[in-house]
1. How many residues are open to solvent by 30 Å² or more (accessible area, probe 1.4 Å), of a type outside the set (D, E, K, R) and modelled with pLDDT of 95 or more if we restrict to region 148-178?
2. Name the single residue that is least open to solvent (accessible area, probe 1.4 Å) among those in region 196-225 being part of a loop (DSSP other than H, G, I, E, B) and without any contact (Cβ under 8 Å) to a residue 12 or more places away in the chain.
3. Where in region 19-94 are the helices (runs of 4 or more DSSP H), entirely inside, with at least 2 residues that are open to solvent by 40 Å² or more (accessible area, probe 1.4 Å) and in contact (Cβ under 8 Å) with a residue 24 or more places away in the chain?
4. What tally of residues in region 1-18 results from selecting those that are open to solvent by less than 50 Å² (accessible area, probe 1.4 Å), of a type outside the set (A, V, I, L, M) and either within 19 Å of the chain's Cα centre (by Cα) or at pLDDT 95 or above (or both)?
5. Looking at region 106-147 only, could you name the residues that are surrounded by 14 or more Cβ atoms within 10 Å (Cβ to Cβ) and acidic (Asp, Glu)?
6. Would you confirm whether any residue within region 191-198 is among the charged types (D, E, K, R), at pLDDT 95 or above and farther than 30 Å from VAL52 by Cα?
7. Within region 51-81, how many residues turn out to be at pLDDT below 95 and of a type in the set (D, E, K, R)?
8. State all residues of region 179-195 that are under 21 Å from ALA156 (Cα atoms) and buried (at least 18 other Cβ atoms within 10 Å of the Cβ); if no residue qualifies, say none.
Amino acid sequence: MRAPVRSTERYAVLRDLAERVVALRRGERVAVAVDGFDGAGKTVLADQLAEVIGGLDAARDVLRVTIDGFHRPRAQRIARGRGPETFYEDSYDYDAFRRAVVEPFRRGEPVTPAVNDVEADEPVRPAPVAVKPDTVLLVDGIFLQRPELTDVWDAAVWVDVPFSVSVPRGTARFGDGHDPDPAAEANRRYVEGQRLYLAATNPRARATWVLDNTDLERPVLVAPR
């Protein structure tokens, strides 16, 4: 169930962003990445943005996909160890994402929105989802602007929050017993893996739009390009 937009300030920013997305290549299919750290609020933002786009233009279909449906099996993700490098390099099957989502979407054919259930650590076979000639594909996830995916996107949103916000926000989803300190050893794999991404690609600078999501009720569209 999608989280409602609870504040007028947030809705105004999401409407501004939605209008920019809708203006992309009107009448054609477009793919938009919602990129950022774990815990930045990417999934909720993408879900809410889809709702707002639908309210702006009821005729424009929105297809929501998360890169988390393309995790590699756990054994592959940790085969080379549990350090930051393997988190950045081995977490996702980008070839599968291209085959199941990107290539059929560009052809106007049905998309398979996931191939793996990361929690159950087993393959999934969801029903393909049809796309229309002017569908907006909204994909949320980490590492979305890395080299393997740079040619996929018509636009990208960088959801900007500091680690001091993203880590506690992310660990809160898992309940007690998860350390909210970004410097904690338990978080090193994930925080340092995301720092590798920052160093390798500078995703904030590459993004079409940057949205400061530190205050969930009052986000700021800080750097539209």
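1. Number of matching residues: 4.
2. Of everything passing the filter in region 196-225, ASP215 is least open to solvent (accessible area, probe 1.4 Å).
3. It comes to 42-56.
4. 1
5. Of everything in region 106-147, those that are surrounded by 14 or more Cβ atoms within 10 Å (Cβ to Cβ) and acidic (Asp, Glu) turn out to be ASP117, ASP134, ASP140.
6. Looking for residues that are among the charged types (D, E, K, R), at pLDDT 95 or above and farther than 30 Å from VAL52 by Cα, one finds at least one in region 191-198, hence yes.
7. Residues meeting the conditions: 4.
8. Of everything in region 179-195, those that are under 21 Å from ALA156 (Cα atoms) and buried (at least 18 other Cβ atoms within 10 Å of the Cβ) turn out to be GLY193, GLN194.
The values are calculated or read from the model by the stated rules, or taken from the named source; none is laboratory data. Just so it is clear, the model here is predicted, and its values are computed rather than measured. Cβ atoms come from the backbone with ideal geometry, glycine included; neighbour counts cover every protein chain shown. With ligands, DNA and RNA removed, areas are computed over all heavy atoms of the protein, side chains included. Shrake-Rupley method; radii C 1.70, N 1.55, O 1.52, S 1.80 Å.
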